[in-house]
Amino acid sequence: MGTPSAPPSATASTHGARQHARAQDGTTADAMPVVPASDWPEPPEGVAAGDVVWAGTVAGGGYTHKVLARGTELRLTDLTGDACAHLLLHSADRPWERLNTADTVKVLWNAYLGKGHLLLSDQGRVLASVTEDTSGRHDALTGTSTLARNTARYGDGTPQSASPAGRELFKLAALKNGLAPRDLPPSVSFFQGVRIAEDGTTEFIGSADAGASVTLRAEQDVTVLLANVPHPLDPRPEYTCGNLRVLAYRSRPTAPGDALWDAAPEGRRAFLNTVDHLTARGLA
Amino acid sequence: MTVTALPGRVVSDETVPARAAWSGFVRRGQLLTVTDLYGNQAADFLVYDAHDTSVRYSAPDTVQAQGNVFLTTGSVLLSNEHTPLMTVVDDTCGRHDTLGGACSKESNTLRYGHHTWSQHACVENFLSEGARHGLGKRDLVSNINWFMNVPVEKDGTLGIVDGISAPGLKVVLRAETDVLALLSNCPQINNPCNGFDPTAVRMTITDAAGSEEDGTR
């Protein structure tokens, strides 16, 4: 028998608990997905609200994932100047075809990601192209953070701690797509730059500023894994990571006649290989 | 071609012909010596934790931790969990590549043209040699290229240029845990990674003199 003076809790019954849970409907948070994405109030210029297919904000230390159709554009925006978007791409239904950072820098003869760069798979094809970039500070060489490194630097690196490691978040995103840790190759990251000196030394150059954005175009159906965590070379002692805006909208894949198609002979052959593959499958 | 001054008792000593693959288990504390027998031969290399191959060499973690994209004496090869797999304990070449990855039939079609499809490639070596140990395509990641020269210019331009290796130069790796090492002796004939002429390398596993195992260290 309970204390006679205690009022009954509103959530002590199934009906009360249901009412309490349902009363949360419509609550908003600083970082959250917007569903349906067409409700996103500020589509990019020239994009109809109905063409927005993915919208929301990823908290610093958070992650997200989505399967995007070929021809979809994905715009990432660093809202505070402290976001860092660690990205992996897998072919949506054939995940053993996936981002290859070595081919991405080697085939394009450039270590630094930026407008016009192609994110190549290990099959000589394009997974996504970089169509716009207002940041210019990205990294294809030094990857993301790990449990061991974050534990050493911040005291913890587990996914639900105050300082989650990128690889731990990638594992969760991979597992939710039927993939395993061995499906995680080296990743690329956007908004926190790294440069290489002549003697090979890495130099962390940080972010361009709040509001910088980069736009990727899916050239195949791709599974996108995104972790928003501090860059592993960020020297600041505190775990510092700001909100990341994610916005994707229907567009069309790069096609013959587009400047990007012919920008480099290596890239043209990568586009040709991609269309050749999709044509054989009846997808292009 | 002979190689002198191999450290410790020889456990295994194999010459890997031009274009061929090799694999071997290296126990913790043992040394693996990669010798460029004829000079200027890129040796594509991957290493896995022998007891859990989901833990494998990570180029980004290795670059991140040592703050440099070139490998040489003192470089620690880190795993994707940021744990040490092997350490470069001797290097008579000077620097080695972490960025260029392996050639594949697929990437060759991008880099040179579709006429290269019928040529040999490193990924074929990694796949066939890795399959002997239960590894598959999902297990291939960006690899090390011993003796390969990949500079990065100020504007980010990078590329495989003429090698800086010479006959008999070597790199010696100490296993920090039990590892499985995979090698593709690069068959690329379209760039200077091996002087357009693949040649043999030598892979030697030795017990370090006075090793922890025999209690004399």
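The values are calculated or read from the model by the stated rules, or taken from the named source; none is laboratory data. Quick caveat: nothing in here was measured; it's all calculated off a predicted structure. Positions of Cβ are generated from backbone atoms using ideal geometry, with glycine treated the same way; all protein chains shown enter the neighbour counts. These accessible areas exclude ligands, DNA and RNA; they are computed on the full protein's heavy atoms, side chains included. Shrake-Rupley method; radii C 1.70, N 1.55, O 1.52, S 1.80 Å.
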Of the residues in region B:101-144, those that are open to solvent by less than 30 Å² (accessible area, probe 1.4 Å), among the hydroxyl-bearing types (S, T, Y) and either assigned to a helix (DSSP H, G or I) or free of Cβ contacts under 8 Å to residues at least 40 places away in the same chain (or both) come to B:S104, B:S107, B:T109, B:T116
Looking at region B:145-180, which of its residues are within 11 Å of chain A (Cβ to nearest Cβ), in a strand (DSSP E or B) and open to solvent by 40 Å² or more (accessible area, probe 1.4 Å)?
B:T157
Quick check on this structure: which one of A:R167, A:R195 is in a helix (DSSP H, G or I), surrounded by 17 or more Cβ atoms within 10 Å (Cβ to Cβ) and at the interface with chain B (Cβ under 9 Å from one of its Cβ atoms)?
A:R167
Test each condition in (1) touching a residue at least 60 places away in the same chain (Cβ under 8 Å); (2) more than 9 Å from chain B (Cβ to nearest Cβ) for A:F204 and report the one that comes out false.
(1)
Does A:L184 fit the bill of being within 23 Å of A:S91 (Cα to Cα) and facing chain B (nearest Cβ under 9 Å)?
yes
Among B:E176, B:E124, which is among the acidic types (D, E) and closer than 20 Å to B:T62 by Cα?
B:E176
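The rows are residues; the columns are (1) of a type in the set (S, T, Y); (2) open to solvent by less than 10 Å² (accessible area, probe 1.4 Å); (3) at pLDDT below 95; (4) at positive phi.
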| position | (1), (2), (3), (4) |
| --- | --- |
| A:A10 | no, no, yes, no |
| A:A17 | no, no, no, no |
| A:A23 | no, no, no, no |
| A:T27 | yes, no, no, no |
| A:G60 | no, no, no, no |
| A:H65 | no, no, no, no |
| A:D78 | no, yes, no, no |
| A:L87 | no, yes, no, no |
Which one is least open to solvent (accessible area, probe 1.4 Å) among residues in region B:1-42 that are at pLDDT below 95 and farther than 21 Å from B:S165 by Cα?
B:G8
B:F45 - would you say it is under 14 Å from the mean Cα position of the chain (by Cα), more than 10 Å from chain A (Cβ to nearest Cβ), surrounded by 18 or more Cβ atoms within 10 Å (Cβ to Cβ) and not in a helix (DSSP H, G or I)?
yes
State whether the residues of region B:125-139 include one that is hydroxyl-bearing (S, T, Y), facing chain A (nearest Cβ under 9 Å) and farther than 22 Å from B:V89 by Cβ.
no
Residue list for region A:119-157, filter: within 9 Å of another protein chain (Cβ to nearest Cβ), farther than 18 Å from A:L87 by Cα and open to solvent by 30 Å² or more (accessible area, probe 1.4 Å):
A:Q123, A:A148, A:R149, A:A152
Which residue pairs have Cβ atoms under 8 Å apart, sit 6 or more places apart or on different chains, and have a first residue in region A:98-116 that is more than 9 Å from chain B (Cβ to nearest Cβ) and surrounded by fewer than 24 Cβ atoms within 10 Å (Cβ to Cβ) and a second that is among the charged types (D, E, K, R) and not in a loop (DSSP other than H, G, I, E, B)?
A:K115/A:E132; A:K115/A:D133
Just give me the residues in region B:49-79 being facing chain A (nearest Cβ under 7 Å) and surrounded by fewer than 24 Cβ atoms within 10 Å (Cβ to Cβ), in sequence order.
B:S54, B:G67, B:N68, B:F70
Restricting attention to region A:163-196, the residues that are touching a helix residue (DSSP H, G or I) at 6+ places or on another chain (Cβ under 7 Å), more than 24 Å from B:D97 (Cα to Cα) and in contact (Cβ under 8 Å) with a residue 40 or more places away in the chain number exactly 3
How many residues of region B:80-106 are in contact with a strand residue (DSSP E or B) (Cβ under 8 Å, 6 or more places away or on another chain), among the polar types (S, T, N, Q) and within 9 Å of another protein chain (Cβ to nearest Cβ)? The answer is 3
